[in-house]
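*Asks:* Dropping the structure in here first, questions after.
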Amino acid sequence: MRKLLPLLLATATLLVTACAPIEPWVKPYEREHLADPIMAIDPDPVSSSYMDHVFEVREGAKGATGGYGGGCGCS
Amino acid sequence: MKTVVWQRIAALALLLGTAAVHAGVLAEDRADVMYHRYQGGGITVQGPSVLVRKKFGESFAATANYYVDNISSASIDVVVSGASRYAERREQKSLAVEYLRGKTTYSASFVNSEENDYKADTYSLSVSQDMFGDLTTVSMGYSYGKDHIGSSVDPTFADGIERRNYRVGLTQVLTRNLLASLNFEAVTEQGYLQNPYRFIRFVNGPGSYALGQEVAPRTRTSNAGSVRLKYYLPWRAALDGQYRFYTDTWGINAHTAGLEYTQPLWNRWVFTGSYRYYTQNGTNFFMDLFPRPGYQNFMTRDKENSPLQTHTIGLGASYEFPLGFASSFIKRGTANLHVNHLMVNYSQFRNLTNFPPGTAEPGTEPLYSLSANVIQFFVSFWY
């Protein structure tokens, strides 16, 4: 039981905190670096989709190339 | 035949890449005009691409893209089949619309691609959602594609492909300097999945070979998962690392790893350098030389289905030019040059260019490799 106690405590803490709203751990005013254009996930869609095409034509693999589903919430 | 690949990429780029990067706020209005050129392995492909994106109020946006490939090909496949250099043109038009409501972005797109022996239409839907104080963006997407395939050498040939793509993505702010992106995509394809212009070869008597039609399964399902990390370095530079694993029901397993470094300099310039490594094994039914015709149900000698490795080195430069009098209607403008050098090494596919049947013991010809240069020059405007 003694060994289980920390585990039970951890689980209980997790359950309690899971109900609380999640506090953003990177505040909006701390996102200056993420908002820099050099940090854009896909800065040039015309170019990245073209390169994806070049590779897919010559290789067997495809998909999950990213660019989509992005978002750093830094706008 | 290149349409197959391009359709899906165009749909993805239009539908998701341009819009969802900053879900919660629609991306800025922009226009891109590009000239692209690929040269290598006996093939030259070049043409323009024009993309225009415009917001209507704060909730709606539309993106249109017009893209052309002018192809001149005497690739190893063309040469070995005995055909002569050919030229063709492919045109692609696409339109995407987005609607932002609260923290949710809904998107729909249509892509049409046409060349003389291939026509393809793709319809896509997606939704992305910002959550947890905008630290997390989750997205889902679905595409349906229908291809109509013909043959320039056999006017009676007609077949098709039906394709469905399922995508989920997650982008996460990890620290004030680090972004992570996870993506997963499953693709199911049904129909004519081989290439009417590619041939297998088989042993045809002692010391010689002959060519025959390849036969591929009529279904293929693939799964790909990728992870990407982008880190802001203290001296204002960015480091981007990516890895992707791919597996499919034809037996291909592939790994892709990439690293890119971005460095702004002298106020108006941004330079990038990148390296990408790719490796795959071959499909279960690939052989460079089959022992006899009809050796097994499915047979291919498509080099894209063979074991191969690709190394790619890329350099890019972007210059933000002064706007002068245009600053009243343009926010920002850049001129960009990207150059990539590809080296593809095939570990089973052999180079038969100088070895027609009867000139060498089949299976002893040198292995094939190709190198190619890819150039993109484009001008971008944000307004």
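*Asks:* Strictly over 23 Å apart at the Cα level, which of A:62/B:146; A:62/B:119; B:55/B:103; A:62/B:54; A:62/B:103 would you flag in this model? Before the final figure, lay out each step's value.
*Replies:* Details: A:62/B:146 18 Å; A:62/B:119 20 Å; B:55/B:103 17 Å; A:62/B:54 29 Å; A:62/B:103 30 Å.
Distance filter (> 23 Å) returns A:62/B:54; A:62/B:103.
*Asks:* Would you give the gap between the C-alpha center of the range B:352-383 and the C-alpha center of the range B:43-77, rounded to a whole Å?
*Replies:* So the two Cα centres are separated by 24 Å.
*Asks:* With angles folded into 0 to 90 degrees, how steeply does helix B:3-12 sit against the dominant principal axis of chain B? Use alpha carbons for both and round to 10.
*Replies:* Tilt relative to chain B: about 20 degrees.
*Asks:* Quick one: the Cα spread of the range B:116-382 along its three principal axes, in angstroms, biggest first?
*Replies:* Result for the range B:116-382: principal-axis Cα extents of 72, 38, 38 Å.
*Asks:* Next question. Taking the Cβ of residue B:241 as the centre, find all other residues whose Cβ is under 13 Å away and add up their charges (Lys, Arg: +1; Asp, Glu: -1).
*Replies:* Residues close to residue B:241 contribute a combined charge of +2.
*Asks:* Let me ask something additional. Students often check this: by mean Cβ neighbours within 10 Å, which of B:99-110, B:302-313 ranks highest, and how do the rest follow? Mind showing how you got there, number by number?
*Replies:* Values: B:99-110: 17.4, B:302-313: 20.0.
Peptide ranking by packing, descending: B:302-313, B:99-110.
*Asks:* State the Cα centre-to-centre distance between the range B:143-176 and the range B:206-239 in whole Å.
*Replies:* Cα centroid of the range B:143-176 versus Cα centroid of the range B:206-239: 15 Å apart.
*Asks:* At a 10 Å Cβ-Cβ cut-off, how would you order A:62, B:93, fewest neighbours first?
*Replies:* By the 10 Å Cβ count, ascending, the order reads B:93, A:62.
*Asks:* Above 24 Å lies some portion of the pair distances; for the range B:75-230, what is it as a whole percent of all C-alpha pairs?
*Replies:* Cα-Cα pairs of the range B:75-230 separated by over 24 Å account for 55 percent.
*Asks:* Now for a different question. Taking the beta-carbon count within 10 Å as an exposure proxy, list B:235, B:269 from fewest neighbours to most.
*Replies:* Arranged by neighbour count, lowest to highest, B:235, B:269 become B:235, B:269.
*Asks:* OK, next. Can you give me the Kirkwood hydrodynamic radius for the protein assembly as shown, using every pair of distinct Cα atoms, in Å to one decimal?
*Replies:* Hydrodynamic radius (Kirkwood, Cα only) of the protein assembly as shown equals 23.7 Å.
Since every read-out is calculated from the coordinates, none of them should be taken as a lab result. Model, not experiment: these values are computed from the prediction. Glycine also receives a Cβ, built like all others from the backbone with ideal geometry; neighbour counts cover every protein chain displayed.
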